[in-house]
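Below is one structure; the comments refer to it alone.
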Amino acid sequence: MTILELKFDKKIYSTKVRPLWCPGCGDFAMFKALKEALYELQLDPKQTILVAGIGCSSKMSDAVGVYGLHNIHGRAIPSATGIKMANHNLNVIVYGGDGDMLGIGGNHFTHACRRNMDLTLIIPNNHTYGLTTGQTSPTSDIGYKTKTSPKGSFDRPVNPVFAAISAGATFVAKVSSADNKHMGKVMTAAIAHKGMSVVVIDQFCITWNRINTPDYYADKYFDVQETDHDLSNFEDSLLLANMTGDRIPFGIIYHTEKVKSFEENYSQLQGKSNVERRSRQLIDVSDMLDSYI
Ligand code: SF4
């Protein structure tokens, strides 16, 4: 696409709001990468909504220049599902951290993946509850010491990439908030995918998490796109996703177009959206309501 063909300028994808993130937090890089992806895809800001949960990273919905909905904790996915049901022509992006999406919202995460609805779920995973001063989250490593776990966490961490693939998401990737360009490219591919796409970001919380730092990952990451891994192979992708420790896969890990999306399966979500049909389908329920009085 040439510059002359671009309808939306980069600036349109920012609001005047700058969330209060700690200097050096990975949220800044994710903000930049997400704007790059929206620009690259030339998504109409009036046809795009960012549905966020609660947490440091979820303040993103105030900063990105598209419609935003800042939800109660853990409920971004059901709200996004409702939005998509009402108007499946919207680009719906869900944004929430590890605590939000894999803790209180864990149930919604599983069912959204298996439904394969055309949503993009971005999970900044800083392995801690940053906003509430650094308690253990569902993805905290064993041994992670906090004020509420002074002897170190002993619960085994959730592996969000493995969980997303096994639950049925059809595009699953892992990126790092230390690699802005790569993050933007993967987000672009995820948003363009028709079906449930999940991007897990190893996000660095420099204030509370002194374990999962860029240095910690530097020698461990290997780029899946530089291997001969078949992205559409479910079993092999699960094996890759399950790799932790000294070798951690990085990039797009699973991608298939073979599974029908929720929208393709659901006849009411084809053609005109329910919002557009609504005026012709209004039903007067006053008699029914009166019968309860
Ligand atoms: Fe970022 Fe951590 Fe600060 Fe939250 S507490 S803004 S995640 S560095």
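Quick look at the numbers
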{"read-out": "Relative contact order %, the chain, counting alpha carbon pairs below 8 Å whose residues are six or more apart", "value": "17"}
{"read-out": "Globularity ratio of region 200-271, using Cα Rg and 2.2 N^0.38 Å", "value": "1.53"}
{"read-out": "Extension gain, K46 back to I211 (0.36 nm per residue minus Cα-Cα distance, nm)", "value": "55.4 nm"}
{"read-out": "Cross-link pairs K145/K174; K151/K181; K35/K145; K59/K194; K145/K185 - those with Cα-Cα distance over 28 Å", "value": "K151/K181; K35/K145; K145/K185"}
{"read-out": "Computed over region 19-290, Cα set: Rg, Dmax in Å", "value": "18.9, 68"}
{"read-out": "Leading residue at positive end of dipole, the chain (Cβ point charges), from S197, A63, N87", "value": "A63"}
{"read-out": "Point-to-point label distance, Y292-L69, nm (Cα→Cβ direction, 7 Å offset)", "value": "2.2"}
{"read-out": "L239 paired with Q225, simple spin-label distance in nm, labels 7 Å along Cα-to-beta-carbon", "value": "2.3"}
{"read-out": "Table column - 3J(HN,Hα) (Hz), region 90-104, Karplus curve with 6.51, -1.76, 1.60, x for Gly and Pro", "value": "6, 8, 10, 10, 9, 9, x, x, 5, x, 5, 7, 10, x, 5"}
{"read-out": "Helix-only mean residue ellipticity at 222 nm for the chain, each DSSP H run of n ≥ 4 adding -39500 (n - 2.57), per residue, nearest 500", "value": "-8000 deg cm²/dmol"}
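Where a number appears in this text, it was derived from the coordinates with a stated rule and is not lab data. Quick caveat: nothing in here was measured; it's all calculated off a predicted structure. Backbone-built Cβ (ideal geometry, glycine too); neighbour counts: all protein chains shown.
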